[in-house]
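The next block holds one structure in the form of structure tokens; read it before the comments.
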Protein chains: 2
Amino acid sequence: MKVGQAMVSAGASILHEGGRAAHLFTVLRGWAFRYKTLPDGRRQILNILLPGDLVGLQAEIATPVPHSVEALTEVELCAFGEDALWTLYRDHPELALDVTWLSANEERIVDEALVSTGRRTALERVAALLVYLYKRASVAGLVQSGTAPLPLTQSHLADTLGLSLVHTNRTLQRLRKGGFIRLEEGRLAIGDLTTLSRVAAYWEAVPSNRPLL
Amino acid sequence: MKVGQAMVSAGASILHEGGRAAHLFTVLRGWAFRYKTLPDGRRQILNILLPGDLVGLQAEIATPVPHSVEALTEVELCAFGEDALWTLYRDHPELALDVTWLSANEERIVDEALVSTGRRTALERVAALLVYLYKRASVAGLVQSGTAPLPLTQSHLADTLGLSLVHTNRTLQRLRKGGFIRLEEGRLAIGDLTTLSRVAAYWEAVPSNRPLL
DNA sequence: CGCCCGTTTGAAACAAATCAAGTCTCGTGG
DNA sequence: CCACGAGACTTGATTTGTTTCAAACGGGCG
């Protein structure tokens with residue numbers, strides 16, 4: 001099914017909202033993010049993409065493409081062909097089920113983000129996001145000696161959280177001064193996951209059995 | 001695949017967050033909503049469900065069930081069997097693709113809600129939600145003489161929008177006094193969809209070719 | 001060296017939440 | 001038949017969380 005491999009550098013655009021055709025990808029390496037913008041430029045980041053995530057499934061089924069995707073680090077992508085999805089569904093139902101699993105799982109993640117922006121206070125939101133990112137980095141095998149890479153600027157965090165940059169900064173400091181987290185050299189360390197989860201009013205189970213694809 | 005039909009009355013619970021087993025349904029008639037709650041009771045409504053929507057796909061792939069579903073009106077459901085999903089994927093790849101379409105489409109909807117709660121002002125949010133609900137009612141064939149049914153209380157709207165009840169009420173009034181909408185007897189009339197969409201900073205294409213299922 | 005980007009800080013302005021009542025409708029029971 | 005209570009909606013006053021504005025700091029890089 002694979003038709004090619006692509007390499008994009010940090011900051012580059014992978015998918016553009018409003019565009020027409022679009023490939024289906026999976027992330028093999030690196031970090032990216034999905035986002036939408038309003039007419040006047042306000043940006044909302046919808047989710048962070050890590051290795052194993054699908055890119056462009058929504059674009060396959062809807063034109064124009066409903067959201068943009070941008071690389072946070074250098075990203076390695078695996079590209080699928082035009083009608084790869086249909087071929088897959090016809091010939092490999094068990095893999096098709098995996099695709100659905102991934103899709104439903106992504107929705108679960110956005111659901112949780114919606115709960116954050118809708119009902120959590122700034123402190124809870126930031127805490128929840130950091131817990132989430134730490135866990136994701138962890139299952140991706142990126143946690144080393146208790147720290148996870150965090151290739152997002154505070155501006156990215158703000159646009160993920162639906163907060164202003166300034167307030168995100170202040171809230172982050174509250175968490176640091178409270179001893180809940182450490183942030184240095186682009187890496188995140190969490191004092192105690194359970195404690196921080198409680199701060200976040202967060203009670204999400206770990207994403208269970210992700211298919212390999 | 002169908003194993004039964006269920007009828008639930010307004011206000012009844014269809015799916016409960018944290019539960020174990022759960023059936024897969026589709027809505028045949030009526031309105032329902034998907035939501036999550038925080039430990040202290042704050043509620044965020046994730047999406048409104050209308051005829052044609054799947055219920056419990058996420059529950060099929062994740063235990064415990066990640067969200068609750070409650071009926072807004074009397075709801076008629078079509079229930080599928082235990083391993084209906086797998087059977088479907090194995091024997092009817094084209095229908096499997098439809099399921100994926102529905103799943104990806106639902107995510108698109110939640111994405112848009114996330115943009116609202118994250119980046120839109122209260123006025124924009126309310127306008128966007130009303131436009132969205134009107135359009136959905138419209139494609140479901142529920143619009144009559146320019147008015148759509150709106151079986152949600154202001155409390156539901158508030159929990160969908162991530163706003164307080166009081167502020168939702170005041171914002172609704174602004175839209176009414178501005179002549180953008182009319183609200184009477186549980187039905188919604190929109191003066192001009194394009195105008196209201198502009199108020200909402202909303203530029204979403206209509207959900208295109210929904211499969212029948 | 002000077003510039004750009006990301007981060008930090010302070011002060012002022014504002015949007016939205018909260019608190020507290022009050023109205024209206026509708027269904028229920030005395 | 002009417003008093004009662006519950007639920008939905010409305011209103012005003014006040015407080016607070018968050019944004020906006022403005023500026024400064026530090027590091028990396030050409």
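The values are calculated or read from the model by the stated rules, or taken from the named source; none is laboratory data. Every value quoted in this text rests on a predicted model; they were computed, and no experiment measured them. Glycine also receives a Cβ, built like all others from the backbone with ideal geometry; neighbour counts cover every protein chain displayed. Keep in mind that these areas ignore ligands, DNA and RNA; they rest on the heavy atoms of the full protein, side chains included. Shrake-Rupley method; radii C 1.70, N 1.55, O 1.52, S 1.80 Å.
For residues in segment B:103-115 being β-branched (Val, Ile, Thr) and in contact (Cβ under 8 Å) with a residue 60 or more places away in the chain, which is farthest from DNA strand C (Cβ to nearest atom)?
As a first pass, look at segment B:103-115 and keep what is β-branched (Val, Ile, Thr): B:109-110, B:115.
Those left that are additionally in contact (Cβ under 8 Å) with a residue 60 or more places away in the chain: B:109-110.
Working: B:Ile109: 21, B:Val110: 19 Å.
Result: B:Ile109.
Being over 23 Å from A:Val139 (Cβ atoms), facing chain B (nearest Cβ under 9 Å) and not acidic (Asp, Glu) is the requirement here; does A:Ala84 meet it? Break it down into steps so the answer makes sense when it comes.
Details: over 23 Å from A:Val139 (Cβ atoms): yes; facing chain B (nearest Cβ under 9 Å): no; not acidic (Asp, Glu): yes.
No, not satisfied.
Taking interchain pairs and intrachain pairs at least six residues apart, which have beta carbon atoms under 6 angstrom, with the first residue in segment B:163-184 and within 14 Å of chain A (Cβ to nearest Cβ) and farther than 15 Å from B:Ala200 by Cα and the second hydroxyl-bearing (Ser, Thr, Tyr) and within 15 Å of DNA strand C (Cβ to nearest atom)?
B:Leu165/B:Ser155
Based on this model, can you work out whether B:Leu38 counts as open to solvent by less than 20 Å² (accessible area, probe 1.4 Å) and outside the structural domain of B:Tyr134 (by TED's automatic domain parsing)? Reasoning before the result, please.
Details: open to solvent by less than 20 Å² (accessible area, probe 1.4 Å): yes; outside the structural domain of B:Tyr134 (by TED's automatic domain parsing): yes.
Spelling it out, B:Leu38 is indeed open to solvent by less than 20 Å² (accessible area, probe 1.4 Å) and outside the structural domain of B:Tyr134 (by TED's automatic domain parsing).
Go through segment A:54-75 residue by residue and tally those that are in contact with a helix residue (DSSP H, G or I) (Cβ under 9 Å, 6 or more places away or on another chain) and closer than 17 Å to A:Leu150 by Cβ.
The number of residues fulfilling the criteria is 1.
Name the single residue, out of those in segment A:137-162 being within 14 Å of chain B (Cβ to nearest Cβ), near DNA strand C (Cβ under 9 Å from one of its atoms) and of a type outside the set (Ser, Thr, Tyr), that is nearest to B:Thr117 (Cα to Cα).
For segment A:137-162, the residue satisfying everything is A:Ala158.
Please pick out the residue among B:Glu94, B:Glu106, B:Glu112, B:Glu124 that is open to solvent by 40 Å² or more (accessible area, probe 1.4 Å) and either more than 10 Å from chain A (Cβ to nearest Cβ) or not basic (Lys, Arg) (or both). Lay out the reasoning, then the answer.
Numbers: B:Glu106 fails: open to solvent by 40 Å² or more (accessible area, probe 1.4 Å); B:Glu112 fails: open to solvent by 40 Å² or more (accessible area, probe 1.4 Å); B:Glu124 fails: open to solvent by 40 Å² or more (accessible area, probe 1.4 Å).
Step by step, each of B:Glu94, B:Glu106, B:Glu112, B:Glu124 is checked, and only B:Glu94 is open to solvent by 40 Å² or more (accessible area, probe 1.4 Å) and either more than 10 Å from chain A (Cβ to nearest Cβ) or not basic (Lys, Arg) (or both).
Which of the following residues is part of a strand (DSSP E or B), exposed (fewer than 14 other Cβ atoms within 10 Å of the Cβ) and among the small types (Gly, Ala, Ser): B:Ala6, B:Ala21? So that I can check it myself, show each step before the final result.
Numbers: B:Ala21 fails: part of a strand (DSSP E or B).
Every option except B:Ala6 fails the conditions.
Search segment A:116-133 for residues that are closer than 11 Å to A:Leu196 by Cβ and within 13 Å of DNA strand C (Cβ to nearest atom) and pair each with any residue that is part of a loop (DSSP other than H, G, I, E, B) and open to solvent by 10 Å² or more (accessible area, probe 1.4 Å) when their beta-carbon atoms are under 8 Å apart and the residues are at least 6 apart or on different chains.
Pairs that qualify, where the first residue is closer than 11 Å to A:Leu196 by Cβ and within 13 Å of DNA strand C (Cβ to nearest atom) and the partner is part of a loop (DSSP other than H, G, I, E, B) and open to solvent by 10 Å² or more (accessible area, probe 1.4 Å), are A:Glu124/A:Ala201; A:Glu124/A:Tyr202; A:Val126/A:Leu163.
Kindly indicate whether any position in segment B:55-71 is closer than 28 Å to A:Thr117 by Cα, charged (D, E, K, R) and surrounded by fewer than 18 Cβ atoms within 10 Å (Cβ to Cβ). Talk me through it step by step, then tell me what you get.
Residues of segment B:55-71 that are closer than 28 Å to A:Thr117 by Cα, as a first pass: B:55-71.
Subsequent filtering for residues that are charged (D, E, K, R) retains B:60, B:70.
Cutting the leftovers down to surrounded by fewer than 18 Cβ atoms within 10 Å (Cβ to Cβ) gives us none.
So far as segment B:55-71 goes, no, none of its residues is closer than 28 Å to A:Thr117 by Cα, charged (D, E, K, R) and surrounded by fewer than 18 Cβ atoms within 10 Å (Cβ to Cβ).
How do the pairs read when you match residues in segment B:35-51 that are more than 9 Å from chain A (Cβ to nearest Cβ) with residues anywhere that are not in a strand (DSSP E or B), using Cβ under 6 Å and keeping only pairs 6 or more apart or on different chains?
Short answer, once both residue conditions are applied: B:Leu50/B:Arg136; B:Leu50/B:Ala140; B:Pro51/B:Ala140.
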